[in-house]
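Asks: Have a look at the structure that comes next, please.
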Amino acid sequence: MMSEIQKKVKVHVEKVNKSYGENHVLRDISLDIAENEVVVMIGPSGSGKSTFLRMLNQLETPDNGTIVVDGFDISEKATDINKVRENIGMVFQNFNLFNNYTVLENIMLAPVELGKLDKVAAEKKARELLKTVDLVDKADVSVNSLSGGQKQRIAIARALAMEPDVMLFDEPTSALDPEMVGDVLEVMKNLAESGMTMIIVTHEMGFAKQVADRVVFFEAGKIQESGVPEQVFNAPKNERLQEFLSKVMHA
Amino acid sequence: MKKIVKILIVGVLSLLAFLVTSNNVNAAQTPNYIITTDATYPPFDFQDKNNQYTGIDQEILKTIAKRQGFTYTLKPMSFNAATQSVSSGQADGVIAGMSITDERKAVFDFGTPYYRSGIGWAVKKGSNIKSLSDLKGQTVALKTGTSGADYALSVQKKYGFKVTYFNDSDTLYNDVINGNAQATFGDLPVIQYAVKNGTQLKVMNSKSPIQAGWYGFGVQKGKNAKLLAAFNRGFAEIKKDGTYDKIVAKYLGASATTFTGSKQDNSSVLGILKANNGAFLKGLWQTMLLTILAIILASVWGILLGVMGVSQNAILRSLSTTIIYIFRGLPLMVLAFFIYIGLPGVIGMKIPAFTAGLLTLVLNEGAYTAAFVRGGFAAVDRGQMEASRSLGLSYAKSMRKVIVPQGLKIMMPSFINQFIITLKDTSILSAIGILELTQTGSLIVSRNSQGFRVWAIVAVIYLIVITLLTWLSNWVEKRTRA
Ligand SMILES: Nc1ncnc2c1ncn2[C@@H]1O[C@H](COP(=O)(O)OP(=O)(O)OP(=O)(O)O)[C@@H](O)[C@H]1O
Ligand SMILES: [Mg+2]
């Protein structure tokens with residue numbers, strides 16, 4: 001327990017609220033995530049998981065509250081959000097690979113454009129990353145010719161090319177055919193084992209049990225319960241969590 | 001990409017600077033006057049078979065200029081544009097078979113009246129219309145802004161006819177010959193000359209011109225007194241020494257072929273092409289130059305406006321929307337007249353017709369381009385921008401590297417379509433006297449009355465160019481679709 005507390009806090013969220021018009025989507029959310037921690041967020045549709053995740057790299061802006069990532073207060077106007085984003089990788093449900101570039105170019109774009117690596121070094125790095133996601137032979141193809149599972153692995157490689165120290169995943173396997181899911185989860189598992197700080201929204205409960213250090217249950221814009229997987233899955237206290245689990249487990 | 005944009009912007013700016021200042025350079029070398037004329041008004045103003053402007057007006061002007069020691073640049077255009085260019089200060093003087101009327105005296109200072117004319121009216125050869133009273137319920141074709149038109153309107157109620165308007169004489173005559181209209185009113189010598197040249201009309205009052213009056217050389221009221229004085233001195237001289245009478249006799253007494261070319265030249269497509277190949281080529285060149293410059297500049301301007309239209313800044317967005325709204329809403333010809341004839345009076349600087357025409361095209365086509373550019377960018381999946389931003393790329397960089405390339409691909413067919421529209425729209429600029437392909441066609445027809453053949457030639461040339469342009473665009477599109 002002591003060692004947990006002493007670990008460096010990577011993401012600090014305090015009393016964050018967000019509304020879309022009348023719709024109060026996030027209500028007073030507070031959450032700290034430590035370095036190397038893997039947090040899985042579960043919850044019913046519309047509970048605010050994506051909104052929360054997207055707020056961590058300011059794709060959505062909170063109405064109030066504080067968000068500190070890597071020591072940068074991104075709820076502060078003066079913070080250069082582009083600089084902070086360089087250290088936060090994000091993987092989307094719909095991959096969002098750049099359609100106008102090849103696989104290799106997708107991975108190289110950000111490091112080259114942001115002056116992190118020169119072209120030669122970026123290409124070397126990209127090819128290494130392709131190896132880790134097991135898609136070396138796809139380097140020069142257009143992204144439209146890839147399967148969903150391949151696309152998502154490339155998207156992960158693209159995010160990793162910036163050498164982020166936090167990775168956000170928003171339902172990375174929800175748009176995939178079932179037989180593709182395993183490959184993507186495999187890559188994510190390896191990433192977790194390598195010590196990456198990860199925040200993952202997913203409906204893959206088996207994966208959550210296996211990989212998560214902590215599971216967070218969202219419902220109606222609130223964190224209703226959180227804890228280690230064994231506790232959340234095997235001994236849920238919150239009534240809504242129990243309800244939710246019985247639904248997804250028996251589906 | 002950055003470099004290309006920079007080069008483009010520098011190129012565009014220096015081109016505009018050149019187009020605007022090149023006129024001022026001319027103005028510095030005085031006295032060179034800009035004189036406008038009606039491009040199709042034989043026997044006073046027209047192009048001869050060598051595509052030189054000639055006619056009674058032109059020879060009088062040329063002779064006087066030589067003797068009085070001034071030079072001028074002739075700007076042939078429609079009669080209306082010719083007079084308005086002078087009244088708005090775009091040009092220094094107008095000689096275009098213009099009748100001196102009280103109304104015009106309010107706007108122009110006229111030189112010594114130089115030709116006594118009057119209004120004549122004509123019907124199709126073989127028509128059974130015998131007198132003005134037979135015009136009841138019929139249509140009368142008129143040339144805009146002429147005294148013939150004024151007169152016709154003044155008696156319209158009395159005789160109960162309808163009117164229709166044209167900008168050039170030849171189209172007007174053909175309208176009567178084809179039976180769309182039953183009669184026309186115009187300056188008597190002009191109609192007589194056309195009839196002598198084979199136009200199938202019958203003049204109804206050759207011996208008794210209506211409202212006999214005088215033609216005059218005009219300058220903007222209160223301006224260019226020196227030019228007017230020189231004209232008057234020169235005119236007195238040529239009147240006295242008989243040169244004037246010789247000029248008039250030359251045009252009114254000569255047989256038609258003297259000016260219009262032999263029958264052979266005019267009775268076949270090949271003959272017309274041969275006799276006018278220089279003119280057609282020049283016209284085509286102007287059309288191409290306008291088209292190419294307009295395509296490049298309108299694309300740059302349109303993309304800029306389009307990018308503004310999807311920007312994060314609300315002010316830029318509404319600015320873009322407003323500009324697109326205004327310039328898409330204005331008819332091209334109105335915009336051309338506004339820039340060429342209206343604007344110079346306000347900004348106190350002459351705008352050459354070519355520059356005005358190009359600006360018109362760029363503003364109009366640019367607005368259409370901007371609209372589909374905006375739509376094209378908006379059609380790029382939102383996730384593309386989010387992915388790019390999430391990697392740390394700025395908005396501008398994301399636009400340049402991710403959104404613009406994909407948007408452009410979506411827009412490609414619209415661009416090709418717009419290029420073709422631009423080419424066709426250049427023909428509207430004939431209205432401000434740019435001697436492009438359409439205006440060239442008008443001039444040749446006004447001389448040889450071979451409307452069908454000449455317009456067929458012009459049409460085919462347009463089709464050929466449009467085909468080439470389409471091929472080129474498709475080729476480029478294929479190349480860019482990696
Ligand atoms: N841009 C937006 N404008 C308006 N309402 C929005 C917007 N984005 C999300 N919402 C609303 O906010 C609520 C939370 O949405 P969010 O996408 O965060 O849910 P989620 O937990 O990710 O659900 P799912 O599991 O379906 O992805 C929903 O009611 C949604 O309709
Ligand atoms: Mg979601």
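Asks: With angles folded into 0 to 90 degrees, how steeply does helix B:269-309 sit against the dominant principal axis of chain B? Use alpha carbons for both and round to 10.
Replies: Here the helix axis deviates by roughly 40 degrees.
Asks: In terms of the Cα gyration tensor, with a ≥ b ≥ c the square roots of its eigenvalues, is region B:284-422 rounded because a/c is under 1.5, prolate because a/b exceeds b/c, or oblate?
Replies: Prolate, since a/c reaches 1.5 and a/b exceeds b/c.
Asks: I would also like to ask the following. Mind checking the per residue accessible area of the protein assembly as shown for me, 1.4 Å probe, whole number of Å²?
Replies: 45 Å²
Asks: Let me ask another. Over all distinct Cα pairs, what is the inverse of the mean 1/r for region A:104-157, reported as the Kirkwood hydrodynamic radius in Å?
Replies: Mean inverse Cα-Cα distance, inverted, gives 11.1 Å.
Asks: Let me ask something else about it. Using protein heavy atoms only (no ligands, DNA or RNA), what is the total accessible area buried between A and B, 1.4 Å probe, nearest 100 Å²?
Replies: 1700 Å²
Asks: Looking at chain A, which longest stretch skips every one of the GluC sites (Glu not before Pro) that is in a DSSP loop with at most 15 other Cβ atoms within 10 Å, leaving the sites themselves out?
Replies: Of all site-free stretches, the longest is A:77-251.
Asks: Note down the accessible area of residue A:249, probe 1.4 Å, to the nearest 10 Å².
Replies: Per-residue accessible area (residue A:249): approximately 80 Å².
Asks: To continue, here is another question. Have a look at the DSSP beta bridges in region A:115-251 and tell me what percent are antiparallel, nearest 5.
Replies: Taking every DSSP beta bridge within region A:115-251, about 50 percent pair in antiparallel fashion.
Asks: Still on this structure, I have one more. How much of residue A:127 can a 1.4 Å solvent probe reach, expressed as accessible area in Å² and rounded to 10?
Replies: 90 Å²
Asks: So what is the calculated 222 nm ellipticity per residue for chain A, using -39500 (n - 2.57) for each DSSP H run with n of 4 or more, over all residues, to the nearest 500 deg cm²/dmol?
Replies: About -10500 deg cm²/dmol.
Asks: OK, next. Roughly how tilted is helix B:2-28, in degrees to the nearest 10 and between 0 and 90, from the longest Cα axis of chain B?
Replies: 20 degrees
Asks: Given a 1.4 Å probe and every protein chain left where it sits, what share in percent of the accessible area of region B:369-482 is carbon and sulfur?
Replies: 65 percent
Asks: Given N residues in region B:308-371, what is Rg(Cα) / (2.2 N^0.38 Å)? All intermediate terms of the calculation are to be shown ahead of the outcome.
Replies: Values: Rg = 13.3 Å, N = 64, 2.2 N^0.38 = 10.7 Å.
Here the Cα radius of gyration is 1.25 times the empirical estimate.
Asks: Moving on to the next point. Where does helix B:314-329 land angle-wise versus the long Cα axis of chain B, in degrees 0 to 90, nearest 10?
Replies: Its long axis makes an angle of about 30 degrees.
Asks: Which lysines, on any chain, are close to residue A:138 with Cα under 23 Å apart, when same-chain ones fewer than 8 places away are left out?
Replies: Reachable lysines: A:119, A:124, A:125, A:151, A:189, B:401.
Asks: Okay, moving on. Could you check how much of the accessible area of region B:48-149 is carbon and sulfur, as a whole percent, using a 1.4 Å probe?
Replies: Roughly 46 percent, rounded to a whole number.
Asks: Right, here's the next one. So for chain A, what are the equivalent ellipsoid semi-axes in whole Å, largest first, each being the square root of 5 times an eigenvalue of the Cα gyration tensor?
Replies: Its equivalent ellipsoid spans semi-axes of 30, 22, 17 Å.
Asks: If you don't mind, there's one more thing I want to ask. To the nearest 10 square angstrom, what accessible area does residue B:208 show with a 1.4 Å probe?
Replies: Looks like 70 Å² after rounding.
Asks: In region A:63-99, what residues drop by 50 Å² or more in accessible surface going from the chain by itself to the full protein assembly, probe 1.4 Å?
Replies: With the partner chains in place, region A:63-99 has these residues losing at least 50 Å²: A:82, A:85, A:96, A:98.
Asks: Report D for chain B in µm² per second (integer): Stokes-Einstein, Kirkwood Rh on Cα pairs, 37 °C, 0.692 mPa s.
Replies: In µm²/s, the coefficient is 132.
Asks: Next question, about the same structure. In sequence order, what are the phi-derived ³J(HN,Hα) couplings for region B:360-369 according to the Karplus relation 6.51 cos²θ - 1.76 cosθ + 1.60 with θ = phi - 60°, rounded to whole Hz, with x for glycine and proline?
Replies: 4, 4, 4, 5, 5, 5, x, 5, 5, 4
Asks: Can you give the net charge of the other residues whose Cβ lies under 13 Å from the Cβ of residue B:145, counting K and R as +1 and D and E as -1?
Replies: Working: positive: B:104, B:143; negative: B:38, B:103, B:150, B:168, B:187.
Local charge sum for residue B:145: -3.
The values are calculated or read from the model by the stated rules, or taken from the named source; none is laboratory data. Remember, predicted model here, so these are calculated numbers, not experimental data. FYI the Cβ positions are ideal-geometry reconstructions off the backbone, even for glycines, and counts take in every protein chain you see. Heads up: the accessible areas ignore ligands, DNA and RNA and are worked out on the full protein's heavy atoms, side chains in. Shrake-Rupley method; radii C 1.70, N 1.55, O 1.52, S 1.80 Å.
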